[in-house]
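In what follows, a structure is listed as structure tokens, so that the remarks can point back to it.
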Amino acid sequence: MQIKLLTIAITGCLIASCSNSSTSSKQAVNQPDKTQQPELSEFTAQTAPDYTNMVQFPDGSYFVGSKKGLPNEQPVHAVDLNAFYIDQSPVTVAQFRAFIKATGYKTEADRFGDSGVFNFTTNQWELTKGVNWEYPLGPDNNKAADNHPVTHVSWNDATAYAAWASKRLPTEAEWEVAAKSGKNSEQRFSWGDQLVENGQYKANVWQGDEVNHNSNEDGYRLTSPIGAFGKNEAGLTDMGGNVWNWCADTYQPYPGNNMPFRKDETVKVIRGGSFFFDQNGEDSFTVSGRSFNSHETSLFNTGFRCAADVK
């Protein structure tokens with residue numbers, strides 16, 4: 001697993017980076033300050049989920065995976081899901097700020113003192129000092145816009161936010177069902193079968209075949225405001241591109257997939273792709289595309305949305 005994560009970091013895919021390989025160097029050189037971190041049980045959680053900006057999907061049997069996708073998307077298999085809600089859009093900077101103010105929570109980027117940013121001058125990933133959810137490029141640069149998806153949040157941070165909101169992270173099966181608008185279809189992307197329709201990009205994605213070239217044809221170099229590229233049929237935004245979405249699951253091959261693999265409970269699923277270069281190209285933005293990162297990794301192209309049970 002560690003070798004695979006390192007390979008992804010080198011190719012610039014998600015810099016699962018600073019996943020197992022560089023996460024371990026973080027721990028050795030710069031231990032996080034846990035002394036002032038409130039325990040999850042100490043949070044004053046909201047009394048009930050706010051379903052206002054969530055979309056509900058019914059219980060039922062759904063197909064997950066792809067016949068034509070990458071090897072880790074196979075085989076197509078049925079999953080039985082209980083009815084669930086999922087956030088219409090990724091959690092925004094403004095929403096995350098409310099969580100920080102209410103709880104005093106310190107993200108892992110804040111406790112480590114750095115987070116993963118791609119340096120477009122040197123064309124390499126760096127653990128940049130002072131970077132966090134509020135200053136995604138560092139304290140000497142602009143604050144993150146309130147209506148953009150929050151970034152530099154680890155899986156652990158996302159889980160803490162969800163608990164405070166009386167929600168949870170979606171399973172990857174729920175995420176995929178939502179991306180398909182609840183249909184058992186073979187549609188490639190959440191919005192259709194083409195990344196570009198009528199000359200317009202349908203998501204905030206990287207335009208270029210190399211990590212050092214992006215033509216910015218979609219109008220955004222980094223994150224975009226949530227909903228800037230419209231909604232899918234179910235009313236969800238940003239279900240492809242903009243930022244990777246953390247999911248609840250520990251990453252592993254699907255049932256029936258015999259890929260050599262050693263499961264690691266610290267490695268979690270991410271879905272949807274992002275604005276940044278990925279070695280899998282368009283495959284990272286599809287409804288079935290899946291990847292992974294370590295639970296304490298935080299990056300400038302990874303965020304999350306929440307889910308909730310129907311009660």
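The values are calculated or read from the model by the stated rules, or taken from the named source; none is laboratory data. Please read these numbers as outputs of a predicted model, since none were measured by experiment. Note that each Cβ is placed from the backbone with ideal geometry, even for glycine, and that neighbours are counted across all protein chains shown.
Need a quick list: strands (runs of 3 or more DSSP E) entirely within the stretch 200-311 having at least 1 residues that are touching a Phe, Trp or Tyr at 6+ places or on another chain (Cβ under 7 Å) and not hydrophobic (A, V, I, L, M, F, W, C). Break it down stepwise before answering.
On the way: elements: 244-250, 267-271, 290-294, 307-309.
Passing ranges, in order: 244-250, 267-271, 307-309.
Of the residues Phe96, Phe63, only one is part of a strand (DSSP E or B) and in contact (Cβ under 8 Å) with a residue 60 or more places away in the chain; which?
On the way: Phe96 fails: part of a strand (DSSP E or B).
After applying the criteria, what remains is Phe63.
Quick check on this structure: which one of Ser185, Ser181 is polar (S, T, N, Q) and on the phi < 0 side of the Ramachandran plot?
Selected residue: Ser185, the only one of Ser185, Ser181 that is polar (S, T, N, Q) and on the phi < 0 side of the Ramachandran plot.
Considering only residues of the stretch 118-172 that are outside any loop (DSSP other than H, G, I, E, B) and among the hydroxyl-bearing types (Ser, Thr, Tyr), which is surrounded by the most Cβ atoms within 10 Å (Cβ to Cβ)? Please lay out each step first, then the result.
Here is the first cut: in the stretch 118-172, the residues outside any loop (DSSP other than H, G, I, E, B) are 118-119, 124-129, 149, 155-164, 168, 172.
Next cut, among the hydroxyl-bearing types (Ser, Thr, Tyr) only: 128, 159, 161.
Working: Thr128: 22, Thr159: 20, Tyr161: 25.
Only one residue fits best here, namely Tyr161.
Consider Lys106 carefully, then state whether it is buried (at least 21 other Cβ atoms within 10 Å of the Cβ), of a type in the set (Lys, Arg) and in contact (Cβ under 8 Å) with a residue 40 or more places away in the chain.
Details: buried (at least 21 other Cβ atoms within 10 Å of the Cβ): no; of a type in the set (Lys, Arg): yes; in contact (Cβ under 8 Å) with a residue 40 or more places away in the chain: yes.
Against the criterion (buried (at least 21 other Cβ atoms within 10 Å of the Cβ), of a type in the set (Lys, Arg) and in contact (Cβ under 8 Å) with a residue 40 or more places away in the chain), Lys106 does not qualify.
Working carefully through the options Asp114, Asp146, find the one that is within 18 Å of Tyr220 (Cα to Cα) and under 20 Å from the mean Cα position of the chain (by Cα).
On the way: Asp114 fails: within 18 Å of Tyr220 (Cα to Cα).
Of the residues listed, the single one that is within 18 Å of Tyr220 (Cα to Cα) and under 20 Å from the mean Cα position of the chain (by Cα) is Asp146.
On the basis of being loosely packed, with under 12 Cβ neighbours inside 10 Å, at pLDDT 95 or above and farther than 15 Å from Thr171 by Cβ, does Pro75 make the cut?
Values: loosely packed, with under 12 Cβ neighbours inside 10 Å: no; at pLDDT 95 or above: yes; farther than 15 Å from Thr171 by Cβ: yes.
Taking the combined requirement at face value, the residue does not satisfy it.
From the list Thr171, Thr159, Thr128, Thr151, which residue is under 18 Å from the mean Cα position of the chain (by Cα), modelled with pLDDT of 95 or more, within 25 Å of Glu210 (Cα to Cα) and among the hydroxyl-bearing types (Ser, Thr, Tyr)?
Only one candidate qualifies: Thr151.
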